[in-house]
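Heads up: the structure comes next, in structure tokens.
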Amino acid sequence: MNPLTVVDREQLLDELIEIGIALTTERDLYALLERILEVARRFTRAEAGTLFLREGDHLRFAVVQNDFLEWKLEMQRRLQAEPLRLSEPSLAGHAAQTGELMNVADAHAVGAQGAWAFNQRFDAASDYSTRSVLVAPMQDLTGSIVGVLELLNPIDDAGAVVPFDPDHEKLIRALAAQAAVAVRNARLEDVSVKDGLTELYNRRYFTLRIDEEVKRHTRFGHPLSLVVLNIDHVKQLNADQGPALGDEVVREVARLLLKHSRSFTIIARLDGDDFAALLANTPKAGAVTYSERIRGVIESHPFAHGTVTASFGVAGLPADAASAADLIAAARRALGEAKGLGPNRVAAL
């Protein structure tokens, strides 16, 4: 492989600086990981690459890129659904467990080396032919290995697959370290703003966002609606069949809310079996329609123990409140009316 030119080095420095800035500003972890993998591939001229995230005793395919294959979403979903077990000998698994960087010129010539060997599962599933492999652990500042950056098949000027240049190893270690920081930042943020049971936003984050949206409404006049909902009879379910089943119902309702809401709707678990949906740029009538749709989705969903229903209260700005606290109080009053009429009702002030 040709060494990096002066122009290449300047471009690389610019890329590393921009990624460093993005680590403090980019909230989408996967967009940042895609970018890191693209930079790693561009400067090593790798034909393909994968970023794995470590989850317990597995490596999950988080980002996969391949210029040779006509990449299909179905293939990516299949890989993501079948994580790589650390107990299964592989170059990536070895790097995840030992922190060792591995630069292999011919993967198929590698025999079993105790805990590691070349794993041919991806090649077999995709009709791809891996030759050269460069694998770097994603190790954060605490020493924890949170994932693996793996690059495949660098291409020379003649279009042939060649070994990775050892001079690129330091670069790939640096990019893997940046990816580790991105993952750690995302996980720390999840701990601070996500609910542990449902992985929805928690009350703390919801309070911050409703304040922001009310200020935006005050400034621009865009409609804002709030839906609060409560799962009917969960306390009785807990008493009759145990809290584990009640928790599963709460988790399943959370999944339904996420699945059937727009991506920019803020869905939060307030506490217990109470949830909130904050609908920006949505008038109250639209929030009522949304609530009726979600009510029907929950009622018709095949929960393990039988039918589950929920009650909904809807309020909106500017009709029902002038502040975030007033809007929450108004939606809760509407929820109280729904409970009084219901269960399994939607009520709006």
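The values are calculated or read from the model by the stated rules, or taken from the named source; none is laboratory data. All values reported here derive from a predicted model rather than from experimental measurement. When we count neighbours, we look across all protein chains shown, and the Cβ atoms used for this are built from the backbone with ideal geometry, even at glycine.
Annotations
- For Gly147: the one exception among (1) touching a residue at least 60 places away in the same chain (Cβ under 8 Å); (2) more than 17 Å from the chain's Cα centre (by Cα); (3) closer than 22 Å to Val104 by Cα: (2)
- Taking residues in the stretch 161-190 that are farther than 25 Å from Ala107 by Cβ, and partners anywhere that are crowded, with 16+ Cβ neighbours inside 10 Å and acidic (Asp, Glu), the pairs with Cβ atoms closer than 7 Å and at least 6 places apart or on different chains are Val181/Asp140; Arg184/Asp140.
- Of note, Arg203 satisfies the criterion of being in contact with a Leu (Cβ under 9 Å, 6 or more places away or on another chain) and charged (D, E, K, R).
- Failed item in (1) crowded, with 22+ Cβ neighbours inside 10 Å; (2) farther than 23 Å from Ser132 by Cα; (3) at pLDDT below 90; (4) not charged (D, E, K, R), with Ala179 passing the rest: (2)
- Check on Leu79, part of a loop (DSSP other than H, G, I, E, B), aliphatic (A, V, I, L, M) and modelled with pLDDT under 70: no
- Summed over the stretch 237-259, the residues that are under 21 Å from Asp28 (Cα atoms), surrounded by fewer than 17 Cβ atoms within 10 Å (Cβ to Cβ) and not basic (Lys, Arg) give a count of 1.
- Test result for Asp320, charged (D, E, K, R), surrounded by 14 or more Cβ atoms within 10 Å (Cβ to Cβ), assigned by TED's automatic domain parsing to the domain that holds Gln241 and under 30 Å from the mean Cα position of the chain (by Cα): no
- For Gly159, the requirement of being more than 16 Å from Leu101 (Cβ to Cβ) and in the same structural domain as Thr50 (by TED's automatic domain parsing) is met.
- Only a single item in (1) crowded, with 16+ Cβ neighbours inside 10 Å; (2) modelled with pLDDT under 70; (3) charged (D, E, K, R) is not met by Glu74, and it is number (1).
- Residues located in the stretch 216-238, provided they are touching a helix residue (DSSP H, G or I) at 6+ places or on another chain (Cβ under 9 Å) and modelled with pLDDT under 90: His222, Val234, Lys235, Leu237, Asn238
- Subset of the stretch 100-144 [at pLDDT below 75, surrounded by fewer than 16 Cβ atoms within 10 Å (Cβ to Cβ) and either in contact with a Ser or Thr (Cβ under 9 Å, 6 or more places away or on another chain) or among the charged types (D, E, K, R) (or both)]: Ala115, Gln120, Arg121, Asp123, Asp127
- The requirement of being crowded, with 21+ Cβ neighbours inside 10 Å, closer than 22 Å to Tyr205 by Cβ and assigned by TED's automatic domain parsing to the domain that holds Asn344 is not satisfied by Leu270.
- Residues that are surrounded by 16 or more Cβ atoms within 10 Å (Cβ to Cβ), in contact with a Gly (Cβ under 8 Å, 6 or more places away or on another chain) and either modelled with pLDDT under 90 or not assigned by TED's automatic domain parsing to the domain that holds Lys259 (or both) do not occur anywhere in the stretch 186-203.
- The set of residues in the stretch 144-163 being assigned to a strand (DSSP E or B) and not β-branched (Val, Ile, Thr) consists of Gly147, Leu149, Glu150, Leu151, Leu152, Asn153, Pro154.
- Ala174 part of a loop (DSSP other than H, G, I, E, B), out of contact with any Pro (no Cβ under 6 Å at 6 or more places or on another chain), outside the structural domain of Ala268 (by TED's automatic domain parsing) and aliphatic (A, V, I, L, M): no
- Residue in the stretch 233-246 that is more than 28 Å from Glu292 (Cβ to Cβ) and touching a residue at least 60 places away in the same chain (Cβ under 8 Å) present: yes
- Residue in the stretch 204-216 that is in contact with a Gly (Cβ under 8 Å, 6 or more places away or on another chain), in the same structural domain as Ile267 (by TED's automatic domain parsing) and among the charged types (D, E, K, R) present: no
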